[in-house]
Amino acid sequence: MAPTQSCNEERLLDYSRKLKAVGHPIRLKLLCLIARDEDPCVSDLWQCLKQPQPVVSQHLSILKDNGIVDAEVQKTRRVYSIVDPFIKKMINDMLKTIALETKTKA
């Protein structure tokens, strides 16, 4: 490979930071739930994960601090969505792969 075709160092560092932020199993589960559900709020998420609310909030905070998710207040609920295009595509691709694997095993 020619040196001029090397990967952009800044972009690699950004992807590395994002992958590190989503690398925890609870955060990956959170992202899957957020991607699948319409307007999931914190209580929906911690109930699905069977984790204490402070644990889920801490993991959501890490995702939010890294620009991966964002929250919007809708009436009395704080609703989460994936806002980072790289992570959103990765999670959606993962969910499609899981669905195909499940379908072929059935």
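Taken together, the values in this text are just the output of simple stated rules run on the coordinates, not laboratory data. As the structure is a computational prediction, the values presented were derived from the model and not from experiment. Cβ atoms come from the backbone with ideal geometry, glycine included; neighbour counts cover every protein chain shown.
For this structure, a couple of remarks:
- Every pair of residues 6+ apart whose Cβ atoms lie under 8 Å, when the first sits in region 88-99 and is within 17 Å of Asp70 (Cα to Cα) while the second is aliphatic (A, V, I, L, M) and not in a helix (DSSP H, G or I): Lys88/Ile82; Ile91/Ile82
- Condition check for Val79: without any contact (Cβ under 8 Å) to a residue 60 or more places away in the chain, buried (at least 17 other Cβ atoms within 10 Å of the Cβ), over 14 Å from Lys29 (Cα atoms) and among the β-branched types (Val, Ile, Thr): yes
- Within region 83-106, the set of residues being among the hydrophobic types (A, V, I, L, M, F, W, C) and in a helix (DSSP H, G or I) comprises Phe86, Ile87, Met90, Ile91, Met94, Leu95, Ile98, Ala99, Leu100.
- Only one of the numbered conditions (1) closer than 16 Å to Lys29 by Cα; (2) surrounded by 14 or more Cβ atoms within 10 Å (Cβ to Cβ) is violated by Ala71, and that is (1).
Conditions tested, residue by residue: (1) closer than 17 Å to Leu95 by Cβ; (2) touching a residue at least 40 places away in the same chain (Cβ under 8 Å); (3) part of a strand (DSSP E or B).
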position: Ser16; (1), (2), (3): no, no, no
position: Lys20; (1), (2), (3): no, no, no
position: Arg27; (1), (2), (3): yes, no, no
position: Ala35; (1), (2), (3): yes, yes, no
position: Gln51; (1), (2), (3): no, no, no
position: Ser57; (1), (2), (3): no, no, no
position: Ser61; (1), (2), (3): no, no, no
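- Residues of region 36-60 that turn out to be hydroxyl-bearing (Ser, Thr, Tyr) and under 12 Å from the mean Cα position of the chain (by Cα), as a count: 0
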